[in-house]
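The values are calculated or read from the model by the stated rules, or taken from the named source; none is laboratory data. Predicted model, so just to flag it, every value in this text is computed and none were measured. Positions of Cβ are backbone-derived with ideal geometry, glycine not excepted, and every protein chain shown enters the neighbour counts. The accessibility values were calculated without ligands, DNA or RNA, using every heavy atom of the protein model including side chains. Shrake-Rupley method; radii C 1.70, N 1.55, O 1.52, S 1.80 Å.
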Amino acid sequence: MQGSAFAIKVNGGGGVVGSELHNRRRIVSGQFSTRSLNVKSLCISCKNYSGELGLDSNYMGAQLASAKMRVETMVGTSARARSVRAQASGDDLEQLTASKPRVQSSGSVFPYVAAACLGAILFGYHLGVVNGALEYLAKDLGIAENTVLKGNSGQLVLIRWVVSASLAGATVGSFTGGIFADKLGRTKTFVLDAIPLALGSFLSATAQSVNSMIIGRLLVGIGIGVSSALVPLYISEISPTEIRGTLGTVNQLFICIGILVALVAGLPLAANPSWWRTMFGIAIVPAILMALGMAFSPDSPRWLFQQGKYSQAETAIRKLWGKERVAEVMHDLKASSQGSNEAEAGWLDLFSSRYRKVVSVGAALFLFQQLAGINAVVYYSTSVFRSAGIESDVAASALVGAANVFGTLVASTLMDKKGRKSLIMTSFGGMAVSMLLLSLSFTWKVLAPYSGTLALLGTILYVLSFSLGAGPVPALLLPEIFASRIRAKAVSLSLGMHWVSNFAIGLYFLSVVNKFGISTVYLGFSMVCVLAVVYIASNVIETKGRSLEEIELALSPAV
């Protein structure tokens, strides 16, 4: 929905990182040796004094044990953060496990995850709702007859204005969402986000002109831009470590469900051309429900801790994970803060030497995700199936949506077992093969009789591959690898890359297809997928099984 050796391997930087970690190991080792020597000296001194003063040996033994325990506790506590960072080098980090067993949670995060995922449903729904409604929008709003707007194709211009308006709004929303999440908190930003989502849906449903439709879609875009960054951020910060991968995948699952619902909602359009207004209007309901649900949800304990609201953070932890986890989580939060009194990160901090390498990984993952062609498939699957000769194009698109949901369900069961990196590499590999199949189905004359079937199979295989990793992993991985100080803004920046590339695809995809042909475009998508596999293999490191605080300690250098 990252400054370091943990998330990335920087060319030429391995020696510096290795040297620094080696020095830290020497320092930690020296501190252990010094404190151990002090304990031994204390024991010898006490024994001498006990002989001289005639003190009871049992009494002195108890005092020595108490003193030794205090020193060892001090050493263990101060060395914990150092040991995590000292081990965070190259491939060693892949096998790094949690430093201590975790207390089982008695609280439940599921109701709050469900409330947040209403934003994910709206995200997917508003992406897919225009797919089947474009033709009916054109007739109802008079676009097809408007010679000023239509150019060579009224429907093409409508796509550019209506689809791209929401994507432009989403770009703005993704950046502003991080600012509001840092200033107001996660739950209040959710409530605020419901306003453009509901208002935009209402304007779209009641539009009598192109201008009012564009304004409605722009507002909706702002809303889904905010939620696209906010939902994975909130879920990652309230999820227990042991199921964070699974719950993080739920975000993508509900996006897929939203897309599927939008595609299915378009089925009555053939019998009722004005049904498109209902399709846009019903999105008001989940927006209101999201606002109500988040108004009663606890805010992120990590955000509350950052704001110095320690009692509220403890209350949130108790509600989310149970009272037995309060001490453990508060300890981890204090350790991850590293005693720092740093001011809240600004946008320029994301490009500092401390953070820019890991931030670039986040931006690259979303860039690859979009340039691999997923939204071109979602937006224009109906047109592709129609050109391939498939009669029930809306039903075929609904089948694609179902494949997306099924693949994401499978991914949710594997995320905390197989890990993020292996899934996303497998995903992009499958997408490359699927896009190659699609390209050949439109090129090889020998396959012409089967082009419709191959187009359907290739698209379904592509969507299944996408939903196994390329879809859910970026939104899950980014909140994990970004330090808490920059998390909201860095996630927003990465999602901004998502929406900028999404906007470009929505605006120019059909024009590029008309110029170069669908086969060439799909071949280009396949090449992007191959490049993504190479990049991920070299730059992304596994994060499963570790708390956000442990990851932050490993990734963020002390200041």
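Restricting the search to segment 500-559, which residues are at positive phi and modelled with pLDDT of 80 or more?
Taking segment 500-559 and keeping what is at positive phi, we get 517, 545.
Scanning segment 500-559 gives a single hit, Gly517.
Given (1) open to solvent by less than 50 Å² (accessible area, probe 1.4 Å); (2) within 22 Å of Leu464 (Cα to Cα); (3) of a type in the set (A, V, I, L, M, F, W, C), where does Ile238 come up short, assuming only one miss?
Going through the list (1) open to solvent by less than 50 Å² (accessible area, probe 1.4 Å); (2) within 22 Å of Leu464 (Cα to Cα); (3) of a type in the set (A, V, I, L, M, F, W, C), Ile238 breaks only (2).
What are the pairs, 6+ residues apart or on separate chains, where a residue within segment 511-526 that is closer than 11 Å to Ala376 by Cα has its Cβ under 6 Å from a residue that is among the small types (Gly, Ala, Ser)?
Tyr522/Ser439; Phe525/Ala372; Phe525/Gly373
Just a yes or no: is a residue in segment 469-484 under 15 Å from the mean Cα position of the chain (by Cα) and β-branched (Val, Ile, Thr)?
Initial filter on segment 469-484 (under 15 Å from the mean Cα position of the chain (by Cα)): 469-484.
Subsequent filtering for residues that are β-branched (Val, Ile, Thr) retains 473, 481.
The answer is yes, given that some residue of segment 469-484 is under 15 Å from the mean Cα position of the chain (by Cα) and β-branched (Val, Ile, Thr).
Select from segment 435-466 the residues that are at pLDDT below 90 and among the polar types (S, T, N, Q) and write down the one among them that is surrounded by the fewest Cβ atoms within 10 Å (Cβ to Cβ).
Looking at residues that are at pLDDT below 90 and among the polar types (S, T, N, Q), I get Thr453.
Which residue pairs have Cβ atoms closer than 6 Å, lie 6 or more positions apart in sequence or on different chains, and pair a first residue in segment 440-452 that is of a type in the set (A, V, I, L, M, F, W, C) with a second residue that is surrounded by 12 or more Cβ atoms within 10 Å (Cβ to Cβ)?
Short answer, once both residue conditions are applied: Phe442/Ile518; Phe442/Ser519; Leu447/Ser441.
Let's see how each residue does on (1) touching a strand residue (DSSP E or B) at 6+ places or on another chain (Cβ under 6 Å); (2) modelled with pLDDT under 85; (3) under 22 Å from Cys529 (Cα atoms); (4) open to solvent by 10 Å² or more (accessible area, probe 1.4 Å):
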residue	(1), (2), (3), (4)
Phe368	no, no, yes, yes
Ala395	no, yes, no, yes
Ala411	no, no, yes, no
Asp416	no, yes, no, yes
Ile424	no, no, yes, no
Ser427	no, no, yes, no
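In a helix (DSSP H, G or I) and modelled with pLDDT under 85: does that describe Gly469? Spell out the reasoning first.
On the way: in a helix (DSSP H, G or I): yes; modelled with pLDDT under 85: no.
Considered against the rule, which asks whether it is in a helix (DSSP H, G or I) and modelled with pLDDT under 85, Gly469 comes out as no.
Starting from residues that are open to solvent by less than 60 Å² (accessible area, probe 1.4 Å) and within 24 Å of the chain's Cα centre (by Cα), keep the ones in segment 274-292 and report whichever is farthest from Val191 (Cα to Cα).
Once the filter is applied, the top-ranked residue is Ala283.
Somewhere in segment 264-271, is a residue open to solvent by 30 Å² or more (accessible area, probe 1.4 Å) and within 30 Å of Lys544 (Cα to Cα)?
Step one: filter segment 264-271 for residues open to solvent by 30 Å² or more (accessible area, probe 1.4 Å), giving 264, 267-268, 270-271.
Within this subset, residues satisfying the condition of being within 30 Å of Lys544 (Cα to Cα) are none.
The answer is no, given that none of the residues of segment 264-271 is open to solvent by 30 Å² or more (accessible area, probe 1.4 Å) and within 30 Å of Lys544 (Cα to Cα).
Restricting attention to segment 294-320, which residues are under 16 Å from Glu550 (Cβ atoms) and among the hydrophobic types (A, V, I, L, M, F, W, C)?
Phe305 - this is the single residue of segment 294-320 that is under 16 Å from Glu550 (Cβ atoms) and among the hydrophobic types (A, V, I, L, M, F, W, C).
Conditions first: (1) in a helix (DSSP H, G or I); (2) polar (S, T, N, Q); (3) open to solvent by 10 Å² or more (accessible area, probe 1.4 Å). Ser297 passes all but one, so which condition is the exception?
Here Ser297 clears every test but (1).
Could you grab me the full set of residues in segment 345-366 that are open to solvent by less than 10 Å² (accessible area, probe 1.4 Å), in a helix (DSSP H, G or I) and of a type in the set (Phe, Trp, Tyr)? Write out each step before concluding.
Going through segment 345-366, the residues open to solvent by less than 10 Å² (accessible area, probe 1.4 Å) turn out to be 345, 350, 355, 358-359, 361-362, 365-366.
With in a helix (DSSP H, G or I) added as a condition, the list becomes 350, 358-359, 361-362, 365-366.
Correct list: Phe366 only.
If we only count helices (runs of 4 or more DSSP H) wholly inside segment 116-188, which ones have 3 or more residues that are at pLDDT 85 or above and surrounded by 22 or more Cβ atoms within 10 Å (Cβ to Cβ)? Explain how you work it out, then say what you get.
Details: elements: 147-150, 154-158, 164-184.
Of the helices (runs of 4 or more DSSP H) lying wholly inside segment 116-188, those with at least 3 residues that are at pLDDT 85 or above and surrounded by 22 or more Cβ atoms within 10 Å (Cβ to Cβ) span 164-184.
Go through the residues of segment 238-260 one by one and say whether even a single one is of a type in the set (S, T, N, Q) and more than 17 Å from the chain's Cα centre (by Cα). Give the derivation first.
Taking segment 238-260 and keeping what is of a type in the set (S, T, N, Q), we get 239, 241, 246, 249, 251-252.
Among the residues that remain, those that are also more than 17 Å from the chain's Cα centre (by Cα) are: none.
Scanning segment 238-260, I find no residue that is of a type in the set (S, T, N, Q) and more than 17 Å from the chain's Cα centre (by Cα), so the answer is no.
Given the conditions (1) of a type outside the set (Val, Ile, Thr); (2) out of contact with any helix residue (DSSP H, G or I) (no Cβ under 7 Å at 6 or more places or on another chain); (3) not in a helix (DSSP H, G or I), and given that Pro273 satisfies all but one, which numbered condition is not satisfied?
Looking at each condition in turn, Pro273 falls short on (2).
Count, please, the residues in segment 216-235 that happen to be under 17 Å from Trp276 (Cα atoms) and open to solvent by 10 Å² or more (accessible area, probe 1.4 Å). Talk me through it step by step, then tell me what you get.
Kept after step one, since they are under 17 Å from Trp276 (Cα atoms), are these residues of segment 216-235: 216-217, 220.
Add one more test, that the residue is open to solvent by 10 Å² or more (accessible area, probe 1.4 Å), and what stays is none.
Summing the residues that are under 17 Å from Trp276 (Cα atoms) and open to solvent by 10 Å² or more (accessible area, probe 1.4 Å) in segment 216-235 gives 0.
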